[in-house]
Amino acid sequence: MIAQGRVTVNGKVVRELGTRVDPARDHVKVNGRHLEPVQPHAYIMLNKPKGIVSSLSDPEGRPTVKDLLHGVSVRVFPVGRLDSDSEGLMLLTNHGDLAQALVHPRYHVPKTYLIKVKGVLRDEEIKSLERGVELEDGVTSPARVKKVRKAEQNSWLEITIHEGRKHQVKRMLEAVGHPVSKLIRVRFGPLTLRDLAAGEFRYLTDREANAVRDLVRDRTSSETREQNHSARNKARVSSRLTRREPPSSPRPGSGSTLSSAEGSRASARLSSPKSGSSDLGRATPHPSRGSMRRSA
Ligand code: URA
C-alpha cells in the first residue's frame, strides 16, 4: 500500500517503508480515508450500588454507571446488565468482540449472585432451581445453589447461573415461592468482586484480563472444534450413503444395504438444509452437548 502511494501522512504521500508516525499528532490516511488510532483495550470492574442504572444513559434521567467512572477517558461499555435495584460486579470494556462473547448465551459464562430471599428454601425447592424451573420464556438451564445463612424471616443463598435472561434470578426464586429482596453479583466468569466497595471501580489486573480473554478463547475454540467435527461427520455419512457403501460388511441377504433409491433419499434427507429435525443436518448449536448427541 505504501509503495503504491496510497498512504498519506499529514496530507503528503509517503513511499518509504517504516515511516514512523505519532498517532496522537499525525493525520494518516489510507486511500483517502482517515485511519483512527487503535485504542488499547481497557477492562474495568465496577461495584454497582443499588439505584444506579447499568447502562451509559437513561431516558428517565436516573444516575448511570457512567456517573461513577470518574477520570476514565476511554469509552467503555457495560458487559451485560444488572437491574437498577441489584448490586455488584459489572465489567466495562472497549473490547467489543470480547464483550459480545461474554454475554452470548452460547458460551455459558457463569455468574454468581448472593441473594437474600423471603423464608428458607426446602431441599426440593433448591433441587428444582438446580434442575431448571419453568419460566414464561422457557425452562432455565441447570444452576448451582448453596445455602449461606438464615436471617430471621429471610435467608441468604448463593446461586450460579450460566444464562443472562432479564430478571432471571428474581424470576427463578419467585417461581419457587421465595421473592428476592437483595441481589449482589459477586462473580462473573473468572472475576470476583472481593473487597471492592460499592460505587468504586478499578482496572483489571493483567492476570484478570488474561483470564477473561482465555475463557472466551477456550470457549470459541471448542465451538470451532465442535463445528469442524460435526461437518466432518456429516460429510463422511453423506458420502457413504451417496456411494451406497454399507457402514460395515453386511451379511448376504441381511437387508442392511441401502438400495439406490433408499440411498439417495437418505442422503438427501441427511444433507438437506431444511432437515432441521435431523441431528446430522443441524448446525452445531451447543458446544457442550452437541457431539455426544450426534455421535450416539
Ligand atoms: N438476575 C436478576 O433477576 N437481576 C439481575 O440484576 C441479575 C440477575
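Structural remarks
- 1 or more residues over 16 Å from residue 185 (Cβ atoms) and of a type in the set (Lys, Arg): qualifying strands (runs of 3 or more DSSP E) within the range 31-132: 111-118
- The residue pairs whose first member lies in the range 78-89 and is at pLDDT below 95, whose second member is assigned to a strand (DSSP E or B), and whose beta carbons are closer than 9 Å, counting only pairs six or more residues apart or on different chains, do not exist in this structure.
- Boolean, residue 122 is assigned by TED's automatic domain parsing to the domain that holds residue 56, more than 18 Å from residue 180 (Cα to Cα) and surrounded by fewer than 19 Cβ atoms within 10 Å (Cβ to Cβ): no
- Checked against the criterion of being part of a loop (DSSP other than H, G, I, E, B), among the small types (Gly, Ala, Ser), loosely packed, with under 10 Cβ neighbours inside 10 Å and modelled with pLDDT of 90 or more, the range 4-27 has at least one qualifying residue.
- Contact annotation: residue pairs with Cβ atoms under 8 Å, 6 or more positions apart or on different chains, pairing a residue in the range 165-176 that is among the polar types (S, T, N, Q) with a partner that is more than 6 Å from the ligand (Cβ to nearest atom) and at pLDDT 95 or above, are 168/135; 168/140; 168/161.
- Qualifying positions in the range 46-70 - within 16 Å of the ligand (Cβ to nearest atom), crowded, with 18+ Cβ neighbours inside 10 Å and of a type outside the set (Lys, Arg): 46, 47, 52, 53, 54, 64, 65
The values are calculated or read from the model by the stated rules, or taken from the named source; none is laboratory data. Everything quoted here is computed from the prediction, not taken from an experiment. Counting neighbours? That spans all protein chains shown, and the Cβs are built from the backbone with ideal geometry, glycine included.
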